[in-house]
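Colleague: Let me give you the structure first, and then I'll get to my questions.
The values are calculated or read from the model by the stated rules, or taken from the named source; none is laboratory data. Note that the structure is predicted; figures quoted are calculated from it, not measured. Note that each Cβ is placed from the backbone with ideal geometry, even for glycine, and that neighbours are counted across all protein chains shown.
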Amino acid sequence: TKTLPPLRVTPALRRDAEAVLAEGETLSAFVLESVARNIEARRAQQAFIERGLASAARARRTGRYVSAEAVLRKLSRRLQSARSARTARSRASG
């Protein structure tokens, strides 16, 4: 295995990090998990940007665009569906 570079932080940042540790969790484990989550978030962000750029290029190439209104309608339906599913799960477990 390899190590990450040592970090110099302010005493306040270290206190804040230590204050949110779960029971039995070490500061090293917290930092490792934070780095792993940040990597995953950045990969997701990069993939999102790549999909958006590819979509824009495809729209320019084909001349086929989707209106903002159509996108918002579809997103609204998906949000409503997700909310309904969450409500149904809450009722089933409660």
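Colleague: How many residues does region 36-77 hold that are more than 30 Å from LEU4 (Cα to Cα), among the basic types (Lys, Arg) and surrounded by 10 or more Cβ atoms within 10 Å (Cβ to Cβ)?
Modeller: Qualifying residue count for the region: 6.
For (1) under 19 Å from the mean Cα position of the chain (by Cα); (2) not in a helix (DSSP H, G or I), each residue gets a yes or a no:
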position	(1), (2)
VAL9	no, yes
ALA12	no, no
SER28	no, no
ARG51	yes, no
ALA59	no, no
LEU79	yes, no
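Colleague: I'd like the residue in region 78-94 that is among the small types (Gly, Ala, Ser) and exposed (fewer than 10 other Cβ atoms within 10 Å of the Cβ) and, out of all such residues, is modelled with the lowest pLDDT.
Modeller: Checking each candidate, the answer is GLY94.
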